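The values are calculated or read from the model by the stated rules, or taken from the named source; none is laboratory data. Because the structure is predicted, anything quoted here is derived from the model rather than measured. For neighbour counting, all protein chains shown are included, and Cβ atoms are generated from backbone atoms with ideal geometry for every residue, glycine included. Note: areas computed on protein heavy atoms with side chains; ligands, DNA, RNA excluded. Shrake-Rupley method; radii C 1.70, N 1.55, O 1.52, S 1.80 Å.
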Amino acid sequence: MKDAQKPERFSLGSLIDKLREGRFVIPDFQREFEWSPKDVRELLKSIFLDYYIGTLLLWKGKPENFKALSCVAIYGHEDESKRNEEFIVLDGQQRLAAIYYACFAPNKNFPKRKNPFSFFVRIRDFIEDRADVAFSYQAMNLRKWQQLLADREKQFEQHVFPFEVIGAGRFAVPNWMQDYERYWQGRANKFVEEGSNEQAEKAVRFARDAREFGHLVTGLIQDYQISYIELDKDIGVEKVCDIFTQINSRGMPLDIFDLLNAMLRPKQIYLRTELWRAAKPRLEFIESKKVNVYILQSMSILLQAYNSPRYLYFLLPGAEKPIRLPDGSHGKVVLVSDKEAFEKYWNNAVTGLEGVIKVLRNPRDYGAIAPSFIPYPAILPVFGALRIKSQALTDGSVHDRQRKIRQWYWASVFTNRYSRSVETSAARDFLDVTAWFNDDEAQPGVIREFAARFKDLDLRAEKKGSAIYNGVFNLLVLQGGKDWSTFELPEYEALDDHHIVPASKAPEDSPDGVINSILNRTPLSADTNRKVLRDRLPNAYIKEMIETHGRQAVLDVMESHLISENAVDILLRDPLTANDFNLFLEDRRRTILQATEDLLIKQRIGLPPLLRDLDEKVEHIELAIRLCLVETLGEDTRALPGNLFRKVDERISKAATNDPLFDEAGFRTFSQKLQYFDLRELQDVIVNGSLWPQFQKRFGAKETLSQKFNQLADVRNAIRHSRTLNEVTRMEGEAAILWFMSVLGIESQRARGTK
């Protein structure tokens, strides 16, 4: 037995051969193969990144033991003629079944799925160090995917390597890799003949990377080692069952913080007992067991823009990180030189996260007044890194950078960006947002995605704990929801989310779950809930509020909670039916989405009421000017300066490039293109020499019009770029707004943004 405890090793290639031959079988007392496709993907990623995947526990079998334990083949291995039983798998079934399924692609539905699945590597993502998104899978019911698997050249063109190539035989992988390299070398030669030098250089790089990827995969098959312990075939079945039970009833996994803590001790860096102990009280607002890891991740993002466990190891002082140089060669770099440098970066990251906590919990900044209302704890490392980066820059406007960080944050919350691929999203966002700091045209795609899709949010489905639920709750705090008892701003420390229609009073036949939707919740104190609502329907407690304070005062308070006058009237109905409740939910959804647009999309969050009102008026004037241009000129734009359209077309083209869902065909006419004209370009159209006579009657003297445009632009730019708006500029801007409203015939109610 003593000898049996010494681990031995299979190479990956040897293991795959044994899987093909049916050498491994599963005892009846083992559970079924129950991994998800995501679990299989993560295992394959670990192998490709040369991570340790654990030790297999195998029992050398003999016929009576195979029979006694009712052994069956690995999941998917159904060819009895190729079953050569050798090992009974006691620990490692999930890993072996995952490798078999990925490499041999059996025509068998994945467990608990309606289709077989195929696993693959996106080679470009892997080569460019984006391992978190490089490994993926696809259900086989998709015709386009079936066509891809049947066409090797399509695989080469799209840089997709199916794992089933590995299981296709000894020469399948080198043949695939050679053909992949030849394909791109052939494309390069063709581009050279056509004179497309830039395309040729790209194809040459792909060919070179194909060769590198081929060496990696073939080397992996030959050299990657999987350890196993082999129990002697003469050990009794009862002893084997006892060993198996012990294996599955104990064990506590080590996280990355524990591992780094152990590895830093020899360098006299005491991560847990000194650094974390000092940092913990400063970050205790964050209720997560991963806060200590968040500090390391924030350090890593700042130093190398990545924060996955693989990259955290390079935070060790003196650790050499392999890098790819611009010429395609490889080198190494040390990120942290010594103990002093590590402690400096650690303290910087702690300060950054402490600053994030401060702004997040501020009821006038982000509105996460309690730890449970932080939409995504996982967003904190990159949030902290972005704030540190912003404050370290000496050029440009700090206010402008903070405004951009705010836009990124809310877009991430409402697109559920950090519910998946967190580490990859953090790395990309840090690079994208820091690039945006210096280039207004480099707006990250997530912000455009948020603007395009927020109106489709089905808020009925958002329950307590979801990111969007918390995001809406934060907005309700930022909106300045007043207390329903005092009619004043509340003590934010006392707020929680409470039902508007109590759960115990839900109308019969209401859809399941909607009673707990964010649409039926709002920030109230426990005291107000107890004294005002008292587990009563709104037709009782709102009626009582109106009798005490008057209808208009109650409507004003309800409006501060994004409950419209129409919604109040619905809630006052007696009896309140399921249909009434549904109408209320839909009305509040519209009101919340309108507030989302006003505060987040149009970036009016944080603006004082006066500036918010001015910004809304400027917006309505811009819309009215566009309408005036279309009414005057129609769609005939032949007289317009060509350079105007070149600029606008470039913006539309760039938007289409950055957003796969953008419909460029929807911006061909003049009225459509006007959406991409800025204020000064609208002015240029009106004062254009040949067109001015058509506008002169409406706008009067050209000099007066130019002056009013200047004043309007000054106030608009000050508001939208977080610049100081002095009293003179504000008053001149207000005068320009009144002038345009009169000239364009804008009604005052519309200018105030009321519907």
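Values for this structure:
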| read-out | value |
| --- | --- |
| Options Phe695, Ile592, Leu475, ranked by Cα towards positive dipole end of the chain, top entry (Cβ charges) | Leu475 |
| Whole-number accessible area per residue in Å² for region 1-155, which is evaluated in the context of all protein chains at 1.4 Å | 49 |
| Packing-based order for 388-394, 575-581, 429-435, using average beta carbon neighbours within 10 Å, highest first | 429-435, 575-581, 388-394 |
| Computed Kirkwood radius, in angstrom, where 1/r is averaged over Cα pairs of region 510-631 | 16.7 |
| Simple label model, 7 Å out from Cα along Cβ direction - Lys654 to Lys202, nm | 1.9 |
| Residues whose placed amide H lies under 5 Å from that of Leu56, excluding near-sequence neighbours | Ser227, Tyr228, Ile229 |
| Using alpha-carbon coordinates, inclination of helix 197-223 to the longest axis of the chain, degrees | 40 |
| Accessible surface of the chain [probe 1.4 Å, protein heavy atoms]: carbon and sulfur percent | 48 |
| Fraction of beta bridges assigned by DSSP in the chain that are antiparallel (%, nearest 5) | 80 |
| Rough spin-label spacing in nm, given labels placed 7 Å along Cα→Cβ, for Thr632 and Ser419 | 4.7 |
| Over region 406-481, relative contact order from alpha-carbon pairs under 8 Å, at least 6 apart, % | 38 |
| Listed peptides 305-314, 514-523 by packing density, highest first (mean Cβ within 10 Å) | 514-523, 305-314 |
| Farthest toward positive dipole pole in the chain [+1 Lys/Arg, -1 Asp/Glu at C-beta], among Gln683, Gln268, Asn643 | Gln268 |
| The chain - charge dipole about Cα centre, Lys and Arg +1 at Cβ, Asp and Glu -1, debye rounded to 20 | 540 |
| Relative contact order computed over the chain (Cα-Cα under 8 Å; 6+ residues apart), in percent | 8 |
| Top positive-direction residue, dipole computed over the chain with Cβ charges, set Leu90, Ala461, Leu12 | Leu12 |
| Under Karplus coefficients 6.51, -1.76 and 1.60, residue-wise ³J(HN,Hα) of region 122-127 in Hz, glycine/proline x | 7, 4, 5, 5, 5, 4 |
| Efficiency of FRET between Ala526 and Asp458 - r from beta-carbon atoms, R0 22 angstrom, step 0.05 | 0.15 |
| Angle in degrees between helix 642-658 and the longest Cα principal axis of the chain, rounded to the nearest 10 | 40 |
| Value in Å of the Kirkwood radius, where the chain supplies the Cα pairs that are averaged | 31.1 |
| Helix 422-438 vs. the chain, principal-axis angle (Cα, 0 to 90°, nearest 10) | 40 |
| Karplus-derived 3J(HN,Hα), 6.51/-1.76/1.60, for each residue of region 525-539, Hz, glycine and proline x | 7, 4, 5, 5, 4, 6, 8, 9, 6, 6, 6, 10, 6, x, 5 |
| Asn107 paired with Arg211, simple spin-label distance in nm, labels 7 Å along Cα-to-beta-carbon | 4.0 |
